[in-house]
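Beneath this line is the structure, given in structure tokens, with notes to follow.
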Amino acid sequence: VASVMAFSAMRNNDKVGLIMFTDEVEKYVPPKKGRTNVLRVVREVLYFKPRGTGTNIPAALEFLDMVTTRRCVLFLVSDFMAAGYEHAMRIANKRHDLIGVTINDPRERELPDAGMIELRDAETGQYVFVDTHDRRVRQEYRIKNLQRVAERDELFRSTNVDVIDVFTDKPYGEALYKFFRMRERRLA
């Protein structure tokens, strides 16, 4: 997704930059025009090996404010499962044209009936055993996920942040196309 947006910006003769972060900013590529820079951004995205395991969206947005003096179009690509980014997102959207790109995995929507499974939190490294055969456990998981997504979507609406919903089980090209067509009509 990031690579497609970088090439699209290049075709429009726009500058392209990159901030990659976990619980801290790990990689920064300053905005520049040209194919060489876009290829560098693509390479960094493809071969990035994170050191950290958490997600700190406010730190990335604060870093952006430190290194950017001009208004820019900012694509924030995340699953937005982190907490505490609401204030930073509001501030960033006032200064820039912030667009949230949500990465949604259908396996995170519902738990399958697979019996007793061991799950590992990718950010904390903690393990937990879950009895997915229990219908109540699956239903509670589904309800909590629906609430999380509804709260995220309400935050985007209340802050006027445009959103591109990308699903890992569907081609992302159509989502990007629909978004840019919608923006084109709205700005016309």
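The values are calculated or read from the model by the stated rules, or taken from the named source; none is laboratory data. Keep in mind it's a predicted model, so treat the numbers as computed, not measured. Virtual Cβ from ideal backbone geometry, glycine too; neighbours counted across all protein chains shown. Protein only, heavy atoms only, side chains kept; ligands, DNA and RNA dropped before computing areas. Shrake-Rupley method; radii C 1.70, N 1.55, O 1.52, S 1.80 Å.
Pairs only if they're at least six apart or on different chains, beta carbon under 7 angstrom, first in the range 53-65 and over 22 Å from Gln126 (Cβ atoms), second assigned to a helix (DSSP H, G or I) and small (Gly, Ala, Ser); list them, first residue then second.
Pro58/Ala88; Leu61/Ala88; Leu61/Ala92; Glu62/Ala88; Leu64/Ala92
Show the residue pairs that are 6+ apart or on different chains and have beta-carbon atoms under 7 Å apart, the first residue being within the range 2-28 and over 17 Å from Thr55 (Cβ atoms), the second being among the basic types (Lys, Arg) and outside any strand (DSSP E or B).
Matching pairs, first to second residue: Met10/Arg35; Asn13/Lys33; Lys15/Lys33.
Take the residues in the range 19-39 that are among the β-branched types (Val, Ile, Thr) and either out of contact with any helix residue (DSSP H, G or I) (no Cβ under 9 Å at 6 or more places or on another chain) or part of a helix (DSSP H, G or I) (or both); name whichever of them is surrounded by the most Cβ atoms within 10 Å (Cβ to Cβ).
Among them, the one singled out is Val38.
Scan the range 2-18 residue by residue and report those that are under 22 Å from Pro171 (Cα atoms) and either touching a Gly at 6+ places or on another chain (Cβ under 6 Å) or open to solvent by 60 Å² or more (accessible area, probe 1.4 Å) (or both).
Matches in the range 2-18: Val4, Phe7, Arg11.
Quick check on this structure: which one of Ile99, Ile103, Ile143, Ile91 is of a type in the set (A, V, I, L, M) and free of Cβ contacts under 8 Å to residues at least 24 places away in the same chain?
Among Ile99, Ile103, Ile143, Ile91, only Ile143 is of a type in the set (A, V, I, L, M) and free of Cβ contacts under 8 Å to residues at least 24 places away in the same chain.
Determine if the range 40-50 includes at least one residue that is part of a strand (DSSP E or B), of a type in the set (A, V, I, L, M), surrounded by fewer than 18 Cβ atoms within 10 Å (Cβ to Cβ) and under 14 Å from the mean Cα position of the chain (by Cα). Working first, answer last.
As a first pass, look at the range 40-50 and keep what is part of a strand (DSSP E or B): none.
No, the conditions are met nowhere in the range 40-50.
What number goes with the only condition from (1) aliphatic (A, V, I, L, M); (2) touching a residue at least 60 places away in the same chain (Cβ under 8 Å); (3) over 25 Å from Gly52 (Cα atoms) that Val137 does not pass?
Failing condition for Val137: (2).
Which condition breaks for Pro58 when tested against (1) in contact with a Leu (Cβ under 8 Å, 6 or more places away or on another chain); (2) closer than 20 Å to Val163 by Cα; (3) not β-branched (Val, Ile, Thr)?
(1)
Only one of these is out of contact with any helix residue (DSSP H, G or I) (no Cβ under 8 Å at 6 or more places or on another chain), in contact (Cβ under 8 Å) with a residue 40 or more places away in the chain and not aromatic (Phe, Trp, Tyr): Gly115, Gly173, Gly125. Name it.
So the residue among Gly115, Gly173, Gly125 that is out of contact with any helix residue (DSSP H, G or I) (no Cβ under 8 Å at 6 or more places or on another chain), in contact (Cβ under 8 Å) with a residue 40 or more places away in the chain and not aromatic (Phe, Trp, Tyr) is Gly125.
Out of the residues in the range 66-75 that are open to solvent by 60 Å² or more (accessible area, probe 1.4 Å) and not β-branched (Val, Ile, Thr), state the one that is modelled with the lowest pLDDT.
Arg70
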